Amino acid sequence: MAGLSNLKRVLGSSLHRGGTGNLAADSDIAFRGFGFLNVRAFSSVEVVETGNWQTQDEVKLHKVRCLLSEYGFTTDQITRVYKYSPSKFRTAETLSPKLAFFRSILGPNDDVARVVAANPQMLCYSLENKLMPNYQFVKSILGRDELVAKSIRRSSSLLYMDVQKNLAVKVSFLRESGLPCSSIAKLMEHSPRVLAMSSFSKLEESVKKAMNLGFDPSNPVFVSAIRAICQINGSIWDRKVELYRKWGWSNDDFLSAFKKHPFIMCISEEKINKGMDVFLNIFGFRSSDIVKYSYLMLLSVEERIVPRCSVIALLVSKGFLDDSPSTYAKALCAREEIFVERFVDKYPEHVLELWQKVRRKAVV
């Protein structure tokens with residue numbers, strides 16, 4: 001064995017060059033010269049015969065890196081997997097079937113790499129006893145594989161959380177509260193973190209609050225109300241309600257607007273102020289108009305509201321359109337190509353220059 005003879009030669013030369021007389025210390029010098037840290041480090045791993053004299057751990061590492069690379073993991077993602085998952089779960093033999101399973105659910109390798117790298121601890125769970133049973137439970141609610149994939153991309157903890165003591169209990173509670181299966185599936189598809197991450201008490205509190213606000217559990221919008229309420233703690237909720245009041249809403253106005261579009265409570269306080277200021281102070285809306293068309297608060301002020309309302313206001317001033325909130329609302333909700341066709345291409349000599357100018361500002 002050439003490697004072993006080289007090792008003996010290094011050891012021998014080290015001892016002959018004035019060793020300390022301490023075998024362990026002199027061996028440590030020799031092993032450092034040979035590329036190992038010390039005798040203990042050398043003895044703790046088994047050496048395998050390879051051309052590069054790699055340790056068995058290095059071979060395992062190489063296999064895992066190759067496997068992850070095959071699944072599209074970048075260098076940074078591989079590093080993250082190594083940083084946040086225990087070493088005993090990081091062998092090619094244990095990872096391969098799990099990665100294949102994830103790919104069967106999520107599809108493209110890029111999705112597998114992104115989901116796993118974002119939450120490497122999912123690699124620590126048993127394929128047969130945890131990952132597959134959890135997948136089957138989620139599928140029993142969502143039905144279609146593409147919906148399961150969408151849900152897991154949004155919250156991969158669905159695959160390893162305690163189904164019986166956590167997820168199943170929450171689903172049963174929602175059913176008992178009057179939510180139809182379609183609404184529960186909608187909640188799991190669009191906001192799985194509400195089910196996966198919220199405590200049972202938080203979910204229960206959100207359902208009760210939605211009911212107290214007048215939402216009907218059998219109505220699909222009830223799910224949106226739960227999602228909105230779950231995301232916001234009590235003090236922030238009160239601040240946002242008060243902010244809407246400052247812009248002229250009464251308690252009844254707020255309740256009416258929230259019932260139509262619960263996500264008006266999910267936008268930031270800065271966005272609430274900015275949106276109300278633009279609608280009321282620049283384009284002449286009344287506060288009651290925003291109550292009626294509360295979904296307008298969800299739109300981007302810079303990219304949609306200001307550019308489109310500027311065009312509509314100019315066309316109104318020239319008498320081409322009615323000056324009514326519904327005119328603005330319809331224009332704001334139209335798809336980009338429809339808006340351009342109806343309000344820009346139809347009146348190019350009047351609004352094309354303005355449209356190009358406000359669009360440039362929006363992009364910048």
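Values in this text are rule-based calculations from the coordinates and carry no lab data. The structure presented is a predicted model; accordingly, all values stated were derived computationally and were not measured. Because the Cβ atoms are built from the backbone with ideal geometry, glycine has one as well, and the counts that use them run over all protein chains shown.
Things worth noting here:
- Cα-based shape type of the range 196-242, given that a ≥ b ≥ c are square roots of the gyration tensor eigenvalues and the cut on a/c is 1.5: oblate
- Net lengthening on full extension, Leu255/Cys66 (0.36 nm per residue, minus Cα-Cα): 62.4 nm
- Among the trypsin sites (Lys or Arg not before Pro) found in the range 272-364, those both in a DSSP coil and sparsely packed, with 13 or fewer other Cβ atoms within 10 Å of their Cβ, are Arg286, Lys318, Arg335, Lys346.
- Legend: calculated FRET efficiency, Asp110 to Lys318, from the Cβ-Cβ distance at R0 = 56 Å, rounded to 0.05, equals 0.65.
- Prolate/oblate/rounded call for the range 278-317, Cα gyration tensor, a/c under 1.5 rounded: oblate
- Computed about its Cα centre, the charge dipole of the range 186-321 is approximately 160 debye, with only Lys, Arg, Asp and Glu carrying charge at their Cβ.
- Descending Cα extents along the principal axes, the range 230-360, whole Å: 51, 25, 21
- For the range 262-364: relative contact order, % (alpha-carbon pairs under 8 angstrom, 6 or more apart): 27 percent
- Computed from label points 7 Å out along Cα-Cβ, the spacing between His190 and Tyr82 is 4.2 nm.
- Coupling constants for the range 86-97 follow from the phi torsions by the Karplus curve (6.51 cos²θ - 1.76 cosθ + 1.60, θ = phi - 60°), and in residue order they are x, 5, 5, 9, 9, 10, 4, 5, 7, 7, 4, x Hz; glycine and proline get x.
- Reported value for the range 299-364: 73 Å³ per residue, from the convex hull of its C-alpha atoms.
- Sorting Ser155, Ser268 from the fewest to the most surrounding beta carbons within 10 angstrom yields Ser268, Ser155.
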